[in-house]
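The block underneath contains the structure these notes are about, expressed in structure tokens.
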Amino acid sequence: EEGGLGPVLVEEGKTDPGIAYRMTVEREGSIWVGLQSTGLARLRVKQLSTLSEREGLPNDSARSVFQDRQGTIWIGTASGFGQYNQGRLKSYTELNGHPLGAARSFAEDQQGRLWLAAGKRLMLMKAGRLSALAGWESSSEIEVIYKDAAGGVGGGTGGAGLYYYHDGTARS
């Protein structure tokens, strides 16, 4: 019950948990309870929240989502992408005055740089700056990218085949 105490349903097939000794709340909001005779219990808050144009996304059509090593969530939409970190949302909709298009895929390299496919372009986010990669020419939208251990990026398109970008050179 909001603002008060209320019953908590126990997982199906489980018995009454018994006496609670200690409780702690983890950073994601779950409550862990040490129990006298039935072990450790975890209470999860079941809640669905959304981010949309109203909160600052470029578009309500979310096409991809990716979490980098720093915990930042990157949201690809039909007209750009969003960066969500510590409750703040920043949107990217254009590069050098041109619309980004649909952001369909993200990858992160060993240096922590973010690679992304938006429209027909492969892009790189480095030190907070977005740039398109020279030498990448696709006649079709890039659907998915993959960063390999050798430092290259593979890209699958929606009709123009596969591309591979490594050390400034792209080949199909």
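Numerical summary
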{"item": "Residue selected from the stretch 110-122 under the condition among the charged types (D, E, K, R) and out of contact with any Lys or Arg (no Cβ under 6 Å at 6 or more places or on another chain), by the criterion least open to solvent (accessible area, probe 1.4 Å)", "result": "ARG121"}
{"item": "Residues of the stretch 142-159 classified as open to solvent by 10 Å² or more (accessible area, probe 1.4 Å) and assigned to a loop (DSSP other than H, G, I, E, B), total", "result": "6"}
{"item": "Residue ID - least open to solvent (accessible area, probe 1.4 Å), chosen from residues in the stretch 123-141 that are modelled with pLDDT of 90 or more and within 19 Å of SER172 (Cα to Cα)", "result": "MET123"}
{"item": "Conditions (1) open to solvent by 80 Å² or more (accessible area, probe 1.4 Å); (2) more than 26 Å from ARG27 (Cβ to Cβ): number failed by SER79", "result": "(1)"}
{"item": "Test: residue in the stretch 135-142 that is β-branched (Val, Ile, Thr), in contact (Cβ under 8 Å) with a residue 40 or more places away in the chain and under 23 Å from GLN67 (Cβ atoms)", "result": "no"}
{"item": "Positions within the stretch 83-112 being among the aliphatic types (A, V, I, L, M) and within 19 Å of GLY155 (Cβ to Cβ), in sequence order", "result": "LEU95, LEU100, ALA102, ALA103, ALA107"}
{"item": "Check on SER105, of a type in the set (S, T, N, Q), touching an Asp or Glu at 6+ places or on another chain (Cβ under 9 Å) and closer than 18 Å to SER131 by Cα", "result": "yes"}
{"item": "The stretch 34-62 residues that are at positive phi, paired with ones that are assigned to a loop (DSSP other than H, G, I, E, B) and at pLDDT below 90 (beta carbon under 9 Å, 6 or more apart)", "result": "GLY39/PRO17"}
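Residue-by-condition table, conditions (1) modelled with pLDDT under 75; (2) polar (S, T, N, Q):
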{"position": "LYS14", "(1), (2)": "yes, no"}
{"position": "VAL25", "(1), (2)": "no, no"}
{"position": "ARG44", "(1), (2)": "no, no"}
{"position": "THR72", "(1), (2)": "no, yes"}
{"position": "GLY80", "(1), (2)": "no, no"}
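The values are calculated or read from the model by the stated rules, or taken from the named source; none is laboratory data. Predicted model only: the values in this text are computed from it and were never measured. Here Cβ is always computed from backbone atoms with ideal geometry, including for glycine, and neighbour counts include all displayed protein chains. With ligands, DNA and RNA removed, areas are computed over all heavy atoms of the protein, side chains included. Shrake-Rupley method; radii C 1.70, N 1.55, O 1.52, S 1.80 Å.
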